[in-house]
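Visitor: Let me give you the structure first, and then I'll get to my questions.
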Amino acid sequence: MNYRLTIFFLIIINILGCVNTGLNSNVTVKLPEHTIYSGKGLAASAALMGAIGPTGIAIGAAIDIGIGKDIQSKNDRHRLQAEIKKAVNVYNSSEVNVIKNINLEEIKFKQKGSDEFVILLINGVITFSTGKLCIINAKSDESYEFTKLKNKKNYANEIVINKVASIIKSRRICQI
């Protein structure tokens, strides 16, 4: 008899666990096509233009675009999407007004001061189950090592995930 009671409780726990995950699995996370980097390449465009003409602007911009591609190549896009979904599901499990969609329109790393440090800028929209939209215009409070960002696998993802999770958790970006 004790054996049947244990099996019964395990089945109930399993059913309740599946019901909870089913509610949270409808979250959509959209990411921008490219990670943007803005640094001294763009700033040098004016100087390059003075030296070699209009081609200098293109060269300066190309430097930053190339660095952005380097950063993006070190980071797994699918992993970033999955981790953001996981953070949203944690939030949704304790809220009535759940997040249905996160659309990150821009993920940008911008040089701060010296060549050694960058900050993160995120722009996007969060859509809640009530239809309310929350505009995200977030800037990191911290600075991150440029060389680590450019060379360490999934480091940019870690930075973005932590920032998005803190936005969701703190609700300071928009009032629900």
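The values are calculated or read from the model by the stated rules, or taken from the named source; none is laboratory data. Quick caveat, the model's predicted, so the values are computed rather than measured. Neighbour counts are summed over all protein chains in view; Cβ atoms, including those assigned to glycine, are modelled from backbone coordinates with ideal geometry. All accessible areas refer to the heavy atoms of the entire protein, side chains included, with ligands and DNA or RNA removed. Shrake-Rupley method; radii C 1.70, N 1.55, O 1.52, S 1.80 Å.
Visitor: Quick one: which residue in N154, N97 is farther than 15 Å from G39 by Cβ and within 15 Å of the chain's Cα centre (by Cα)?
Guide: Only one candidate qualifies: N154.
Visitor: Something else: With respect to V118, is the statement that it is in a strand (DSSP E or B), among the hydrophobic types (A, V, I, L, M, F, W, C) and more than 19 Å from I84 (Cα to Cα) true?
Guide: yes
Visitor: Which condition breaks for F117 when tested against (1) within 30 Å of K40 (Cβ to Cβ); (2) in contact (Cβ under 8 Å) with a residue 60 or more places away in the chain; (3) not polar (S, T, N, Q)?
Guide: Failing condition for F117: (2).
Visitor: Oh, and also: Please tell me if V125 is of a type in the set (V, I, T) and either buried (at least 17 other Cβ atoms within 10 Å of the Cβ) or more than 24 Å from N26 (Cβ to Cβ) (or both).
Guide: No: the conditions fail for V125.
Visitor: Do you know which of the residues in segment 133-143 that are part of a strand (DSSP E or B) and open to solvent by 90 Å² or more (accessible area, probe 1.4 Å) is farthest from N75 (Cα to Cα)?
Guide: Looking at residues that are part of a strand (DSSP E or B) and open to solvent by 90 Å² or more (accessible area, probe 1.4 Å), I get L133.
Visitor: Scan T130, T147 and give me the residue that is surrounded by fewer than 18 Cβ atoms within 10 Å (Cβ to Cβ) and assigned to a helix (DSSP H, G or I).
Guide: Result of the check over T130, T147: T147.
Visitor: Taking the stated definitions as given, is K163 open to solvent by 40 Å² or more (accessible area, probe 1.4 Å) and of a type outside the set (F, W, Y)?
Guide: In short, no.
This table checks each residue for (1) surrounded by 13 or more Cβ atoms within 10 Å (Cβ to Cβ); (2) in contact (Cβ under 8 Å) with a residue 12 or more places away in the chain; (3) in contact with a helix residue (DSSP H, G or I) (Cβ under 9 Å, 6 or more places away or on another chain).
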| position | (1), (2), (3) |
| --- | --- |
| G60 | yes, yes, yes |
| I67 | yes, yes, yes |
| D70 | yes, yes, yes |
| S73 | no, no, no |
| Q81 | yes, yes, no |
| K86 | yes, no, yes |
| N92 | yes, yes, yes |
| I99 | yes, yes, yes |
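Visitor: If a residue must be over 15 Å from I159 (Cβ atoms) and either open to solvent by less than 50 Å² (accessible area, probe 1.4 Å) or among the hydroxyl-bearing types (S, T, Y) (or both), how many such residues does segment 101-122 contain?
Guide: Residues that pass the stated criteria total 4.
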